[in-house]
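Below: the structure, in structure tokens.
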Amino acid sequence: MTTHTETPISPEQQALEDELVATVVSSFDAADNPRLKHVMQSLTRHLHAFIRDVRLTEEEWSKAIEFLTAVGEITDDKRQEFVLLSDVLGASMQTIAVNNQAHKGATDATVFGPFFVDDAPEIPLGGDIAGGATGQPCWIEGTVTDTDGNPVADARIEVWECDEDGYYDVQYTDERIAGRAHLFTDDKGQYRFWGLTPVPYPIPHDGPVGKMLAAVGRSPVRAAHLHFMVTADDLRTLVTHIFVDGDPQIEIGDSVFGVKDSLIKQFDAQSPGTPTPDGRSLSDRSWARARFDIVLAPAGV
Ligand code: BEZ
Ligand code: FE
């Protein structure tokens, strides 16, 4: 196997490599679209810098092509391995950071993930998203406000999560709709619903991305979380999750780098028989409760 040497690169060799970068960069000069030109030229500079930095061997280049081919082969309308690759490289989170800039205490965004489904059922305030998904019942409540503290009435809140076995409904073959719903805030911007206490689960890791994680000794497991997407007129759409304070996976590391301190919430355990906020009878089982106050940035910031 060819390995790269630590031999210093001669000035002559450096000049040859520099010349190639300049030639490829200038090949995009005539692009009509200035944004496309900028992106392609920057990509070229960074890609060549990477190849030169690691002194990429031809064998490694072939392996990379084989890997990307496998990523493409496993991708279909249900499985998006390229997005998964972007997720585990932190590229999804970096793109989210660049496009959801911090603004006056607006709630942080995080990864969307592959398990959102359009048209999840509507539930009333205080309704249950479980739809048969098993797990510890969890009462979640909070408010939606703008960055000036004004309540946002009629905000649409989509929520989705896995069951206690770590699977989303769409990962089962029986067309069930469970662990997902949407609801709307009331006149005071308040919302509340029953969900399930989130549990850690692995991202799909039976494909090339999973093999890559195993090869580098990284866990495919995501810290326990509950997904939210919140939309309201004239405000920036928020895609985020809340995480469970004390979940050991937060320390171990979330496989897609989605955790932000501001999104870690206390899920307070309640013993069987503790009265519930809406009178639901849970005399024979424990439950939990959490609060998540959501602040939406103005649209366009
Ligand atoms: C998820 O949280 O649903 C998820 C996010 C990124 C990759 C895989 C799953
Ligand atoms: Fe998830």
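The values are calculated or read from the model by the stated rules, or taken from the named source; none is laboratory data. Computed from a prediction, not measured in an experiment: that's the story for all the values here. Cβ placement follows ideal geometry from the backbone for every residue including glycine, while neighbour counts extend to all protein chains displayed.
Quick notes on this one:
- One residue from Thr145, Thr110 being closer than 24 Å to Gln266 by Cα and either more than 16 Å from ligand 2 (Cβ to nearest atom) or modelled with pLDDT under 95 (or both): Thr145
- Of the criteria (1) without any contact (Cβ under 8 Å) to a residue 24 or more places away in the chain; (2) crowded, with 23+ Cβ neighbours inside 10 Å, which one Ala224 fails: (1)
- For region 23-73, the set of residues classified as among the small types (Gly, Ala, Ser) and exposed (fewer than 13 other Cβ atoms within 10 Å of the Cβ) consists of Ser26, Ser27, Ala30, Ser42, Ala49, Ser62, Ala64, Gly72, listed by residue number.
- Test: Pro200 is within 17 Å of the chain's Cα centre (by Cα) and over 28 Å from Thr147 (Cβ atoms): yes
- Meeting the requirement of 2 or more residues that are out of contact with any Phe, Trp or Tyr (no Cβ under 8 Å at 6 or more places or on another chain), the strands (runs of 3 or more DSSP E) wholly within region 165-254 are 190-196, 225-231.
- Meets criteria (in the same structural domain as His225 (by TED's automatic domain parsing), within 16 Å of ligand 2 (Cβ to nearest atom) and not β-branched (Val, Ile, Thr)) for Trp160: yes
- Checked against the criterion of being at pLDDT 95 or above, under 16 Å from Gly113 (Cα atoms) and within 16 Å of ligand 2 (Cβ to nearest atom), region 190-198 contains one or more residues that satisfy it.
- Qualifying residue in region 113-129 (condition: within 16 Å of ligand 2 (Cβ to nearest atom), under 19 Å from Ala288 (Cβ atoms) and touching a residue at least 40 places away in the same chain (Cβ under 8 Å)): yes
- Residue match in region 189-201 (condition: farther than 24 Å from Pro275 by Cα, touching a Ser or Thr at 6+ places or on another chain (Cβ under 8 Å) and either outside the structural domain of Asp77 (by TED's automatic domain parsing) or crowded, with 18+ Cβ neighbours inside 10 Å (or both)): yes
- Residues (exposed (fewer than 13 other Cβ atoms within 10 Å of the Cβ) and within 28 Å of Arg156 (Cα to Cα)) located in region 282-300: Ala299, Gly300
- Restricting attention to region 89-114, the residues being in contact with a helix residue (DSSP H, G or I) (Cβ under 6 Å, 6 or more places away or on another chain) and near ligand 1 (Cβ under 9 Å from one of its atoms) number 2.
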